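These notes concern the structure reproduced below.
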Amino acid sequence: MASSQAANVNLFLPVLHHPAAGEILCHIKPDFASLASDQRDNGYCLEFWGGKFGSDATDRGPLGDKSSLSGTDSEIARAYRNHDGEFGLWLSEHKLTEKEFTPCSGPKSKDRDLEQHRCCSSFVDILQNKHTCFHHDFKKRKYWDITERNRSRFVNHSDHAECPFQGGMNQLWRNQLLAVALEHDEGQPYEHASFSVVKHPANPHLDESLGAFRELIANNPKFFVFNLDDVLRAAEATQDDTLT
């Protein structure tokens, strides 16, 4: 088990299993009123990918990329109700010692057609011909289909001459698309879905990619970043000795 996965479990499960979960997590996400314990598995899911375990062996998830070996998932998903009683879904990726987010695997794939799959294409060029993307054309992923339906979210794409999702922003993009896909899925109860990154306050290595992604989406509040210390301080504020 990777260190960030263990840290994620140790940080969030004591909070989610505590009666004051809403009181604590609203300090991180202000619209969080209460854990929707009737959704998912008592309100949350670890290694969440958006599908249903065991129900359909062909289910590849909302992004069409899930398999037994790989795919997009968030380290924890929390179903909640906001202050108006609406269902929300909050996805998070936890980073502890990692120096970068997972980059795109397309440019290094042995199956890539160098003439067809042009990673140097711009955001607009790829939307005009999505088959220039290896993952769309060869892997049949839904990344660019979902992006096209939500292109207004990527406000500052013109700042990037090539595909902005080749490096560290790739994992952020895919997790954000997972939230977007579930928010707009008529088969899901979620009226609001967001994605966040929680990281160790002493790890500055991720800041460049995080800053670039926030710039790309013009600081859209559906994506945000916080430190694990923020959770600890919010939990300590309950003055519950057992939780502390």
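The values are calculated or read from the model by the stated rules, or taken from the named source; none is laboratory data. Values in this document were obtained by computation on a predicted structure and should not be read as measured data. Ideal geometry is used to build each Cβ from the backbone, glycine not excepted, and the neighbour counts take in all protein chains shown.
Points to keep in mind about this one:
- For the stretch 26-68, filtered to residues that are assigned to a strand (DSSP E or B) and not acidic (Asp, Glu), the residue that is nearest to residue 104 (Cα to Cα) is 48.
- Taken residue by residue, the stretch 137-146 has at least one member that is surrounded by fewer than 21 Cβ atoms within 10 Å (Cβ to Cβ), outside any helix (DSSP H, G or I) and aromatic (Phe, Trp, Tyr).
- Residue within the stretch 61-82 that is in contact with a Cys (Cβ under 6 Å, 6 or more places away or on another chain), of a type in the set (A, V, I, L, M, F, W, C) and at pLDDT 95 or above present: yes
- For residue 36, the conditions (1) closer than 22 Å to residue 231 by Cβ; (2) touching a Ser or Thr at 6+ places or on another chain (Cβ under 9 Å) are fulfilled apart from (2).
- Identity of the residue in the stretch 63-87, more than 19 Å from residue 5 (Cα to Cα) and touching a helix residue (DSSP H, G or I) at 6+ places or on another chain (Cβ under 9 Å), that ends up surrounded by the most Cβ atoms within 10 Å (Cβ to Cβ): 80
- Filtered residues of the stretch 12-25 (kept if in a loop (DSSP other than H, G, I, E, B), in contact (Cβ under 8 Å) with a residue 40 or more places away in the chain and out of contact with any Ser or Thr (no Cβ under 6 Å at 6 or more places or on another chain)): 18
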